[in-house]
Each structure stands twice: as C-alpha cells, then as structure tokens.
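Input: a single structure, listed below in structure tokens.
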Amino acid sequence: MENLFYPDREEAKNARIKNSCEYEGLVADANDDYEGYWGKLAKEKISWFQEFDEVLDESDAPFYKWFKNGKLNVSYQCIDRHLETRKNKAAIIFEGELGDQKVITYRELYYEVNKTANLLKNKFGISKGDRVVIYMPMIPETAVMMLAVARIGAIHSVVFGGFSADALRDRIIDAEAKLVVTTDGAYRRGKPYLLKPVVDEALSVGCESVEKVLVVERNGEEIHWEAGRDFAYAELVQNESPICEPEVMDSEDPLFLLYTSGSTGKPKGVQHSQAGYILHAQTTMENVFDVRENDTYWCTADVGWITGHTYIVYGPLAMGATTVMFEGVPIYPDAGRWWKMIEEYQVNQFYTAPTAIRLLHKTGAEEPKKYDLSSLRVLGTVGEPINPDAWLWYYNEIGGGKCPIVDTWWQTETGGHMVSPLPFATPIKPGSATNPLPGIFAEIIDENGERMPEGEKGLLCITKPWPSMIRTIWGDPERFKKSYFGDAKKDGKPVYFSGDGAMYDENGYIIITGRTDDVINVSGHRMGTAEIEASIGNHDNVAEVAVVGKPHSVKGESVFAYIVIKSEDNLGEDVELLKEINGIIVKEIGPIAKCDEIVIVPGLPKTRSGKIMRRILRAIVKGEAITQDTSTLEDPSVVEKIQAKF
Ligand code: PRX
C-alpha cells in the first residue's frame, strides 16, 4: 500500500518477530486459546519460585486475577536471574545534566538493591505491603529504590519531581505512606534545584503516617535536616549487608501505585500487580523494541510516569537489557544533547514523546546532522498522537530513513504497550499506532459494543482482560469499576474503556483521535481539567471556570481557561490575573499544569441542569463550527457573547 513505510528486509532477518506472518501467527494463537497464549508466555518468561495453578480467574470481574497462586519476586526477575550470564553487563548507563557518567553492572545493581532493601527493612522498619513514596529525580538511585522496595514486598508510589508540595501531600496521605525517599535536589538546565524543601512543606500538614524521610544526596545543596526524622542514605547504606533474600510474593500482590488524573475528582492511585505487570513489561520490551543481547536502549521519559516505570526500569531490567537514564532536559546546553548522547552510547533503540520531537525539530532542526546516529535501529514514540510533520523529521533525520518508528499507544492503567507496530513485522504509517499487540483485544466500538466502520470515530476499548491491567484504584474499588467499566459493552459484557476516541483507517489501522473525556494532554502529561479548575476556582475573583485543551504546535495541547469573574472592580489586566492564577496552580499542582491563556467571559454555556457544555468551549477555542444544538442551553445567547471575545 502506498502510504505505508515497510521495514528493511535484511534487517528484519535478525529481528525477534521477522514478518507479518509471524505476527499474524501470534495473533491467531491468542485468538484460538487466549489463556493458553498468556499461560505459555508466563511459564517461559518468569522465573517463578512456585508456578501458578490458574492463568485467569474472572469470577470477580472486573477484579481479574492472573497467574493465580504463582510466587515470584520482581527484583529477582530484574536482577538475580541475570547474574549467571550477565553479571558484568551494564544494567544502567547514567548521564547527569552536567555530563557526569556512571555505569552500573547487573552485579553492582544486585549489591546496591540488596543493601538498600536491608536498609529499608532494618533501619526504617518497612515490610511487605507498606507504602513508600519516592519523590526523586532521574538518577540511578531512584531505580535502585524502586527495586529495593519491590524486593522486600513493599509498595512504591513514585511521585513525579515536578509536582508541588500540595500534590505530593495528597498522594502521601492517600497511600498512607510510612516512608518518603527524596534527594536534596538535582540539576536542571545546568543549575541545581531543590526537592527536599518540597517534602518538608508537604509533611508540614496532615501526613501522620510518615515516620521517616530518607535523603539521597545528589547535589550537595544546603537543606534542612529534621533530627530523628531525616536520614542520609549514603552514610547508612554502606553498613548494610549486600545480601537480602527476596520476599516471596504472590502474583496478585500489589507492586506499585502510580497516581494519574481522571476526568473527575482527585488523582487516582492506579494499582499494579506483580506477575502480570512484569510479564507484559518484559515481553513488550523484547518484541516492540526488538532489543537484542548487545543492544543499548534509551527511553527519555521521567521515571515519575508510567513510561519511566515500565520502559526505563522494569521492562529493560526484566529482560536483562542495558537501559540509559538521563537526568536533564533535551535542550541543554543545546538542542543537540540527545543526539550527542546517542552517538556517545551507541544507542540502538530510542523512545521519546512527540512533544520533545516537535521541540527539537523547531529549535534545532540541523543538530542531528552533527552526530553519528547510525547505531539506531528502532525509534519509538509515546504519550500523544504524533503529527506527520514531526514523524517524518524523526524518521528521516534521526532514523536516517531506515529505522521503523513504533508509535505505542497505552496508558498508566494498561501497564504496558497495547496498540503498536512490531518494528520489523508491521508496515508503519505516520500518525497511527497500527494494530493491537498479540493477546491484546483492543477494538474501536460504539456504546452498544458494535465495531465501528472505517473512518468513523468510536471508543477505544479493550474487550478482554490482559495481564498488566490496573487491578484497582487504591482504596476505592467502586471508583475503579465506575471509571473504566462504565457504559461500553461487548457481547453484553463490560469492557475496559480507555477514555480515548479512535477510528480505523483504510488499512484497518487504529488512529487515536484524542480523549473523549475531560482529560487533556499537555506535552505528553495527562491532566484532569477538573483539578486545574479547582485550583483556578481558589482565586478570590473567580466565580466560575472551565478549562479546555487548545491545540499547540509543540505541546500538543495547552491549558486554556474560560473565566467568569466575581467583580470588575477587582480586575486588573488579564495578564495579572493569569499570573495570579498560575501562582495558585503551581502551588497546588505544579508548573506542568500552568494555564497558557485565559479569556474572561460573561457566562459559561450550561444545560438547564447546570452541566457545562465543554464541547462547545472546545469548538470555540479551536475555531471550529458549533455543531450541537444550543437551544437547550440555560442561556443560548452566552455562546455568541463568548464567540465575540475571539
Ligand atoms: O490519550 C492517550 C495518550 O495518553 C493517554 C495516557 O496517558 P498516561 O496514562 O499518562 O500514559 C502516557 C504514557 C503511556 C492515553 O489515554 N496516548 C498515549 N500514547 C499515545 C496516546 N495518544 C496517541 N498516540 C499514542 N501513541
């Protein structure tokens, strides 16, 4: 087909999955015997302490249980089992913002994780099931900490370092964390910044569950130490024994929580399991990135998001790969930093977000030419739709026109890739994540469960459970059911609804058309408009507010707020109001949720029952025609009044 890009046949000969027949064979296997497909993989890929006796238990759907009664330990899967053959292989290659480098072999990682696990147990009294919040930058100690928590059967909740003290506090309280691990700070854009003061502020109110704070010293900046509560990591860890027996975990014990935004209310603690999660993390690493034994793989995500969990730490280490970790930003000291690193470390697979590709294309289109990028074999994208312009630049300038791009669609809740090309088996197309992976039943359906015809938008759903799926929302199983297993049904059974709209193209490929709920995607960061609205609503002069995403050439979407003010008297310039509002957002959520633009409007379009018709607001900001009937609005004239502001 003309609009498709085909993989190089010579290169494909060495791939794990070599052609479309092999891919279709796997799909057919999974279709014929779904449980058999996953059961076989689980037996092959996981180093069980005790093998499971049932692949899937659906008796309490949607609280599915995978690999029942299996016993394992995820840190054992990621480290110990590699020691026989990969002891001296690099597990993590780290580069700091200032250019400092560190290589950690599997042997070294083993000792570091064991010592840290002992420290957590012995000094901090952490045991199976306890929650540990990790508020740390992109340094190897963060991965060590996650693995150490997993080793002793505790549950980590990594909070992205860009979140504010208020947001961190909410997450600590919700998880009832016993320990917070942080750093003094880290480096960004060549300069030191601080993290510990954010933890101090978070803990100043209502975090009674937290007993201690463990501080990894990264940049030596002056910080406050609270006697009896705060402890320095380096000093303590050296005294611990380098052997810590891994806790025997059940397949379904929780591995971690990761908070993510939904369309309503506070962020939800997405809970992942042990066996199902690690199985899918590992097999997608192998198949989607086609990582081979001597490869060096690099994912630029932050470890505070699911991409960092699955594709910097757990996936690569579970398969025994070499994973690159970078502390900094892509444009410091210049927009060639990433390309320089690809040359330096001879990176074979490179995985990043469309927003970064657009930024680098815009600010440094010529930079890639200065570096030797010929080591690259597979490129990946994640987090948001990629526009064909950015795709083509990535394909030609970074991949030299020879590297397949895997556009991977997935979510915090799915744990790992769901819809994605296999690099040497799927012809690719700019802007499409192509097909569901084998064993994943992703389908675009309407509210009645009917498959959508080509070219028509529907709901992207997963119609059968999969091993790495979210198990529940921490502490709120009802919300879990309501959020994901709502209206959409297939063959009369509830299906997992992703919140994304999508359609099939002329090749039968899946094209993601964006969220259908009140979630926006700014620079690949997922945010609930409700959370941002709640912050803006805390401004004294804001009576009502509605936030929508506005298309943005680099960020994908930017935050746009329609605001009804309480009083003209208190109103200065719009820019002043925007500044004040952003002050509140930065305090309550973090800089990632900052509002780009506001418009002051006389009222919001609401139904008679008081529901804000955001679809109208989205259409106005995009300059699109309003297609829905506005006569049912409480005050239809408000739409024209708003339009007059643009
Ligand atoms: O809207 C989809 C978008 O990101 C959402 C998931 O966000 P999050 O849970 O933060 O995880 C991001 C990293 C997996 C999805 O609901 N999204 C993710 N990947 C893609 C995408 N949109 C289009 N194309 C993708 N490849």
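Okay, here's what the table says:
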read-out	value
Residue check for Glu141: assigned by TED's automatic domain parsing to the domain that holds Phe94, buried (at least 22 other Cβ atoms within 10 Å of the Cβ), charged (D, E, K, R) and in a helix (DSSP H, G or I)	yes
Matching option when the condition is within 12 Å of the ligand (Cβ to nearest atom) and either in contact with a His (Cβ under 7 Å, 6 or more places away or on another chain) or on the phi > 0 side of the Ramachandran plot (or both), among Gly449, Gly383	Gly383
Helices (runs of 4 or more DSSP H) (entirely within the range 530-646) containing at least 2 residues that are closer than 30 Å to His361 by Cα	574-588, 614-622
Subset tally (residues that are in a loop (DSSP other than H, G, I, E, B) and either closer than 22 Å to Val303 by Cα or polar (S, T, N, Q) (or both)) for the range 337-379	6
Pairs where the first residue, in the range 121-144, is farther than 14 Å from Val215 by Cα and the second is polar (S, T, N, Q) and outside any helix (DSSP H, G or I), C-beta under 7 Å, 6+ apart	Lys121/Ser127; Arg131/Ser157
Looking only at the range 274-319, and only at residues there that are charged (D, E, K, R) and outside any helix (DSSP H, G or I), the one that is nearest to Tyr76 (Cα to Cα)	Glu293
Hey, Gly623 surrounded by fewer than 20 Cβ atoms within 10 Å (Cβ to Cβ) and at positive phi or not	yes
Failed criterion for Pro388 (all others in (1) in contact with a strand residue (DSSP E or B) (Cβ under 9 Å, 6 or more places away or on another chain); (2) within 16 Å of the ligand (Cβ to nearest atom) hold)	(1)
Within the range 293-315, tally of residues that are in contact (Cβ under 8 Å) with a residue 40 or more places away in the chain and more than 16 Å from the ligand (Cβ to nearest atom)	4
Candidate set: the range 258-281, residues that are hydrophobic (A, V, I, L, M, F, W, C) and within 11 Å of the ligand (Cβ to nearest atom); chosen: the one nearest to Glu54 (Cα to Cα)	Val270
Single match in Gly315, Gly328 (criterion: of a type in the set (Gly, Ala, Ser) and closer than 16 Å to Met136 by Cα)	Gly328
First in the range 351-373 and under 12 Å from Tyr394 (Cα atoms) and within 16 Å of the ligand (Cβ to nearest atom), second anywhere and assigned to a helix (DSSP H, G or I) and among the aliphatic types (A, V, I, L, M), Cβ under 7 Å, 6 or more apart	Pro354/Ala390; Ile357/Ala390; Arg358/Ala390
Members of the range 197-221 that are within 30 Å of Asp334 (Cβ to Cβ) and either acidic (Asp, Glu) or surrounded by 17 or more Cβ atoms within 10 Å (Cβ to Cβ) (or both)	Val198, Val216, Glu217, Arg218, Asn219, Glu221
From Phe424, Phe441, residue being among the aromatic types (Phe, Trp, Tyr) and closer than 27 Å to Ser273 by Cβ	Phe441
Top-ranked residue of the range 343-367 - restricted to ones that are over 29 Å from Glu286 (Cβ atoms) and of a type in the set (Asp, Glu), ranked as nearest to the chain's Cα centre (by Cα)	Glu367
Some residue of the range 530-543 being acidic (Asp, Glu), over 25 Å from the mean Cα position of the chain (by Cα) and more than 16 Å from the ligand (Cβ to nearest atom)	yes
Residue in the range 290-298 that is among the acidic types (Asp, Glu) and surrounded by 24 or more Cβ atoms within 10 Å (Cβ to Cβ) present	yes
Pairs where the first residue, in the range 145-164, is closer than 13 Å to Gln77 by Cα and the second is of a type in the set (D, E, K, R), C-beta under 7 Å, 6+ apart	Arg151/Glu247
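The values are calculated or read from the model by the stated rules, or taken from the named source; none is laboratory data. Nothing here was measured: the structure is a model prediction, and the numbers come from that model. Cβ atoms come from the backbone with ideal geometry, glycine included; neighbour counts cover every protein chain shown.
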